[in-house]
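Some notes on the structure that comes next.
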Protein chains: 4
Amino acid sequence: MIQVAILGATGYTGAELLRLVSQHPYMQVSHACAHSHAGKKVNDVLPNMHGELAQLTLASVDDPIPENIELVFIALPHGAAAKYVARALDANIRVVDLSADFRHPNLKNYQDAYGQPHPYPKLLDKSVYGLSEIAKDDLQNAHLVANPGCYPTSVLLPLVPLLRAGLVDSQNIIIDSKSGTSGAGRGAQLGSLFCEVNESLKAYGLPRHRHSWEMEEWAQNYGNQDVHIRFTPHLIPMTRGMLSTLHLRGNNTQLWHKTLSDYYQDSLFVKVYEHGRLPAVNAVNRSNRCDIGLQVLSDSEVTIVSCIDNLMKGAAGQAIQNANIMLGLNESLGLSQIAVWP
Amino acid sequence: MIQVAILGATGYTGAELLRLVSQHPYMQVSHACAHSHAGKKVNDVLPNMHGELAQLTLASVDDPIPENIELVFIALPHGAAAKYVARALDANIRVVDLSADFRHPNLKNYQDAYGQPHPYPKLLDKSVYGLSEIAKDDLQNAHLVANPGCYPTSVLLPLVPLLRAGLVDSQNIIIDSKSGTSGAGRGAQLGSLFCEVNESLKAYGLPRHRHSWEMEEWAQNYGNQDVHIRFTPHLIPMTRGMLSTLHLRGNNTQLWHKTLSDYYQDSLFVKVYEHGRLPAVNAVNRSNRCDIGLQVLSDSEVTIVSCIDNLMKGAAGQAIQNANIMLGLNESLGLSQIAVWP
Amino acid sequence: MIQVAILGATGYTGAELLRLVSQHPYMQVSHACAHSHAGKKVNDVLPNMHGELAQLTLASVDDPIPENIELVFIALPHGAAAKYVARALDANIRVVDLSADFRHPNLKNYQDAYGQPHPYPKLLDKSVYGLSEIAKDDLQNAHLVANPGCYPTSVLLPLVPLLRAGLVDSQNIIIDSKSGTSGAGRGAQLGSLFCEVNESLKAYGLPRHRHSWEMEEWAQNYGNQDVHIRFTPHLIPMTRGMLSTLHLRGNNTQLWHKTLSDYYQDSLFVKVYEHGRLPAVNAVNRSNRCDIGLQVLSDSEVTIVSCIDNLMKGAAGQAIQNANIMLGLNESLGLSQIAVWP
Amino acid sequence: MIQVAILGATGYTGAELLRLVSQHPYMQVSHACAHSHAGKKVNDVLPNMHGELAQLTLASVDDPIPENIELVFIALPHGAAAKYVARALDANIRVVDLSADFRHPNLKNYQDAYGQPHPYPKLLDKSVYGLSEIAKDDLQNAHLVANPGCYPTSVLLPLVPLLRAGLVDSQNIIIDSKSGTSGAGRGAQLGSLFCEVNESLKAYGLPRHRHSWEMEEWAQNYGNQDVHIRFTPHLIPMTRGMLSTLHLRGNNTQLWHKTLSDYYQDSLFVKVYEHGRLPAVNAVNRSNRCDIGLQVLSDSEVTIVSCIDNLMKGAAGQAIQNANIMLGLNESLGLSQIAVWP
């Protein structure tokens, strides 16, 4: 068994990492840390746990990582994560960092998006941006993977193949995304209360949400062209799930569906629907899938809808997928292609 | 008391009309009809009712309308409604028709949107499209009001003043709307089941939803210019409420906020927020308000968010408002400007 | 217009009081206070507000109450409320106190339930426990009304008439109650987060919830017999609403339905269903009703279900009803008997 | 691989069976039937599916079962299931029947609960009632397992050990259960619509729900004493999950917690909490667990709360567990002990 550590194990992403590793045939969590719950048992903070893992005592994030650990998942806030990434790399431990700290080769973007200078710019070179389906080759021997944000994952998976094919008007990309509330984290804030979220809906993050820099930078890097994305996220009264509606313009729109289908025909987790059929969030619930539907509106207009589970393909699921690839394992180990219904 | 009739009283819109009339100081429901529940008491079908109204026996929609009725609200499906509109007008009864049957002066749009020829084209002349704030003058002596659809209401209220001011690039209008599930009606269909809607989200109605013809036609009529709208609706796991995100382009974007604020400064129900503050659906829950927020992104890009309660300002509430105007009453009688919280 | 003040105007109960007074024909809020939001406008904290009231500046709870105020609603936590009750009574202002501070003539019960000695025991004499339908006579000239808790309201309304008729085995009363999440208040706590409440359900408050003392004390006072109640509350993933299931034993069970029906036959807000029909929470949503259904199981067993909106008949609605009675007004002014549907 | 068939594969229970078998190391679905969707692909009816299984063509329930099938799961309505059970047994195929048809050795109970005579009384002898933890020995060589109902599972698991220990007053058992809406099935009925269920709550099934006969019969059989259960189920606005509150009386209440803890100390799926801690539904979400909490109220009163996922331990999960036991496999294969969070 490969021993892994999780830093930030009691938030929603950390809990999902714990569950996924527990059902992985070759990985085992032997070190789990939490900022505010150190000293408690996992089960005291996460009632969903059971068995041995539930009885594990949570360490402090500042405790040294045991020597037998081969890989660490870091699910800490941006800014806070970088220090622990550096420590783990120093100790020759592989890292999947779920924070934003190593997602931006372009330092100015990091600074603009997060309002602070990057704490460890020298490490950026070592980082591979882990959009699994696009970056598989680079991931295979990576020591540091920057796990993508949930919104960028839902947007880049459908967008990149079309950009690469030169089909998209890259200056006219309008993305309207909708996310479940678990994306806001497990912090006790007024805006995340049941009675404030339930039976409501709102846009947020305007004029510019942090993830817009990330999706723009990687659309450019992967698509090899200048890209302008206008991105508006919305908060939806559901626990999990994310749907992005891409309002696109471009050329040869009759080729778009085949381009996407071909690109992902061998993918285990990206599913391109037949033309005109659009995915709903419950099709991917608790799976690692990204489902993509496409509707041609005219010879220059196409609407694309993509769905992910924000904590799975949008966070912990993709992190496991990336860890599998880094370690030379089958990328689907421990992950489900079939969603839970209902 | 003005005696009113409601045709289609047991669907979600009909139930809301019953409730609103019951709290109106000058109106009284003395005739309520339902297609499939004729002969039952109102309370047998609508457990929320109480008092005298709850004991009213539901008539058939084909029963003659009693002579003392001065105004009839028609909450029947499109196609079915037109016949009853014609009968009521023949009997010299004023009509607020909540169906789509008299919303399209342009007959071709009706046919394209609803896939059938219009059953009573001659009556179209008599109809006033009832977007209350824009059409107030025409409504004052109207005998037939075509009550707007929910999506067009949420879109046209912010859009029309800006079109009239010549600020919007009218060929580049992208609308991404999100609606609560009551908009799908009270029919027992698989897609409306709790377990299919809850914890999910989907786009629907592509390539072209019926309401896109309506909003385009009236954007043109009111805005006095050719308009192309790209409209994508989504179904949200909440009972009521609607949020439309307008991704707009245009000129002089620094003027947009003042243009909208000035336009609605005396409005009782349309509330324009300060620049950069965006409404959430729960701000308008069970009120007749339309709340509008606006964020300038650049000198050519503006995002607007508008919220309504789809059964209030999007249906029954605006119908009452229109009835008030038709009858020369204060337009806010029986309606709430304050939403329910939480 | 009767000028009223609201202390604690920005919690969920306070917000409902603001809304209800705003639609009351003879009352007006001219003073609203909040602990943590003093100095802000009402609308900054409550986006649902509109019009003049939205622009009111929130005072501090410690600010003096203006001289023109005739009645004050106090929606502060227990313990904190008593001081402001005392001040208002000193200033000869009538009080409806929505906290628990003056609900217990039996001081020991207050101490046992709230874990602290009563701060103003001398004022208890002046207080009338405001279960409107039962206490109407005493309320008419009251200066201080202790507005009942939500759970006790839902339990006592069906229970008291049956106790008075000597039909209930008063030592074998088992109450299983279910409440919407707004009952937990607007505080930012982990347990009230959307992602913790949604798609879940739990019992809480065992071994003995505070409201069990209240319902037991008043079942005894009103029922004139010794009463033992075993009470278990549950938290439900809905914003509003409360359903109590009373698992009762007793005698002459064939008389129970008529006893209840007769007791409430002239009530504006308590609705007893025909035998065997049971209410759902959505029948009373946003109304001031209490709906009661009853099923005889055998000659010694009866199950009763009662439903209220916890913020209406369970808090703010009953407070308005009590204020109406205190002031000699029609008890239903400003309140709805018809619920919102859906 | 053991080839299995699923009859009734497109309802909520059938969908869960498909998913669970797909992740089972030694089972494979090679025959899936549906009443109304025969001829379609699995994926046309269940968007959550992916991979080969998604492309399987649904057979008719009346098609012959292929010869290579060793075990069939029957997820058809009561009454309809029995015929297919008989056919499978004739063909020497093992059966896990998730309907109620073979749960009642006492034929009168079947008739009283389901209002019809039993169609195959002779087969009842062969049936083992599959409450896995209690019936493990009998299950090991069973050819027909009657998979328990969801409510009886949630009630019997905590109740049986206490009855066997002689601790419970078996004539005074009051059960108040709360179920998610998936328990009502995937039929398109008014009462299951999102807008009717959401933000509401109701009791149903009174005076006597079908499952009350089942839990009473098996409490007697397993507990070896006469038992009277007063059972009231409620419908909760959540997709999955079930919580039963057992309001019990008895003796030696200080022994109850240890009795339960000892009974399940080696159980993989039943988790008894420390005294006074009570489970919430989200602790068991999508797992096969039953979590049990217990609160002693006095020397004769104990409240117990048990939680299951109604489609897992309450249906498909327990069916897989039973199949594992029947086939001599580890009972936890293909099942999760860790719940999904959030």
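Here are some notes:
- Residue within the range A:137-145 that is among the β-branched types (V, I, T) and over 24 Å from A:R286 (Cβ atoms) present: no
- Screening the range C:168-177 for residues that are more than 30 Å from A:R186 (Cβ to Cβ) and touching a helix residue (DSSP H, G or I) at 6+ places or on another chain (Cβ under 6 Å) and picking the one that is farthest from the other protein chains (Cβ to nearest Cβ) gives C:V168.
Matching residues to (1) more than 22 Å from A:T259 (Cα to Cα); (2) under 23 Å from the mean Cα position of the chain (by Cα); (3) not charged (D, E, K, R):
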position	(1), (2), (3)
A:A165	no, no, yes
A:A184	yes, yes, yes
A:E196	yes, no, no
A:E216	no, yes, no
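- Checking each residue in the range C:182-216 for being among the hydroxyl-bearing types (S, T, Y) and part of a helix (DSSP H, G or I) picks out C:S182, C:S192, C:S212.
- Of residues in the range D:178-201 being touching a Phe, Trp or Tyr at 6+ places or on another chain (Cβ under 6 Å) and touching a residue at least 24 places away in the same chain (Cβ under 8 Å), the one farthest from the other protein chains (Cβ to nearest Cβ): D:R186
- Flag for A:N141 being open to solvent by 10 Å² or more (accessible area, probe 1.4 Å) and modelled with pLDDT under 95: yes
- Being of a type outside the set (D, E) and part of a helix (DSSP H, G or I) is a property that D:G14 has.
- Scanning the range D:24-36 for residues that are open to solvent by 30 Å² or more (accessible area, probe 1.4 Å), modelled with pLDDT of 95 or more and either within 13 Å of another protein chain (Cβ to nearest Cβ) or out of contact with any strand residue (DSSP E or B) (no Cβ under 8 Å at 6 or more places or on another chain) (or both) gives a single hit, D:P25.
- Filtered residues of the range D:183-206 (kept if within 30 Å of D:Y129 (Cα to Cα), open to solvent by less than 40 Å² (accessible area, probe 1.4 Å) and in contact with a helix residue (DSSP H, G or I) (Cβ under 6 Å, 6 or more places away or on another chain)): D:S192
- Of all residues in the range C:276-290, those that are more than 17 Å from D:E196 (Cα to Cα) and at the interface with chain D (Cβ under 8 Å from one of its Cβ atoms) total 1.
- Failed criterion for B:D112 (all others in (1) within 23 Å of B:D138 (Cα to Cα); (2) in contact with a Phe, Trp or Tyr (Cβ under 7 Å, 6 or more places away or on another chain); (3) open to solvent by 40 Å² or more (accessible area, probe 1.4 Å) hold): (1)
- Consider the range D:261-275 and keep the residues that are open to solvent by 20 Å² or more (accessible area, probe 1.4 Å) and under 18 Å from the mean Cα position of the chain (by Cα). The one that is farthest from the other protein chains (Cβ to nearest Cβ) is D:S267.
- Checking A:G293, A:G314 one by one, the residue that is buried (at least 24 other Cβ atoms within 10 Å of the Cβ), within 30 Å of D:F194 (Cβ to Cβ) and at the interface with chain B (Cβ under 10 Å from one of its Cβ atoms) is A:G293 and no other.
- Residue pairs meeting the criteria (Cβ under 8 Å; at least 6 apart or on separate chains; first free of Cβ contacts under 8 Å to residues at least 60 places away in the same chain, in the range D:88-108; second hydroxyl-bearing (S, T, Y) and open to solvent by 10 Å² or more (accessible area, probe 1.4 Å)): D:D97/D:S127; D:D101/D:Y120; D:F102/D:S127
- The lone criterion from (1) within 14 Å of chain B (Cβ to nearest Cβ); (2) under 17 Å from A:I174 (Cα atoms); (3) more than 22 Å from the chain's Cα centre (by Cα) left unmet by A:Y204 is number (3).
- Within this structure, C:K126 fails the test of being surrounded by fewer than 18 Cβ atoms within 10 Å (Cβ to Cβ), more than 17 Å from the chain's Cα centre (by Cα), without any contact (Cβ under 8 Å) to a residue 24 or more places away in the chain and farther than 23 Å from C:D309 by Cα.
- Filtering the range A:207-246 to residues that are at the interface with another protein chain (Cβ under 8 Å from one of its Cβ atoms) and touching a helix residue (DSSP H, G or I) at 6+ places or on another chain (Cβ under 6 Å) leaves A:P237, A:T239, A:R240, A:G241, A:L243.
- Of residues in the range D:319-342 being under 17 Å from D:V72 (Cβ atoms) and either without any contact (Cβ under 8 Å) to a residue 40 or more places away in the chain or in a loop (DSSP other than H, G, I, E, B) (or both), the one nearest to the other protein chains (Cβ to nearest Cβ): D:G334
- Within the set D:G51, D:G79, the sole residue that is within 14 Å of another protein chain (Cβ to nearest Cβ), of a type outside the set (F, W, Y), over 15 Å from D:Q3 (Cα atoms) and surrounded by fewer than 18 Cβ atoms within 10 Å (Cβ to Cβ) turns out to be D:G51.
- Listed by position, the strands (runs of 3 or more DSSP E) contained in the range C:251-318 that have at least 2 residues being touching a residue at least 24 places away in the same chain (Cβ under 8 Å) are C:290-296, C:301-308.
The values are calculated or read from the model by the stated rules, or taken from the named source; none is laboratory data. Because the structure is predicted, anything quoted here is derived from the model rather than measured. Positions of Cβ are backbone-derived with ideal geometry, glycine not excepted, and every protein chain shown enters the neighbour counts. Note: accessible area is taken over every heavy atom of the protein model, side chains too, but ligands, DNA and RNA are not part of it. Shrake-Rupley method; radii C 1.70, N 1.55, O 1.52, S 1.80 Å.
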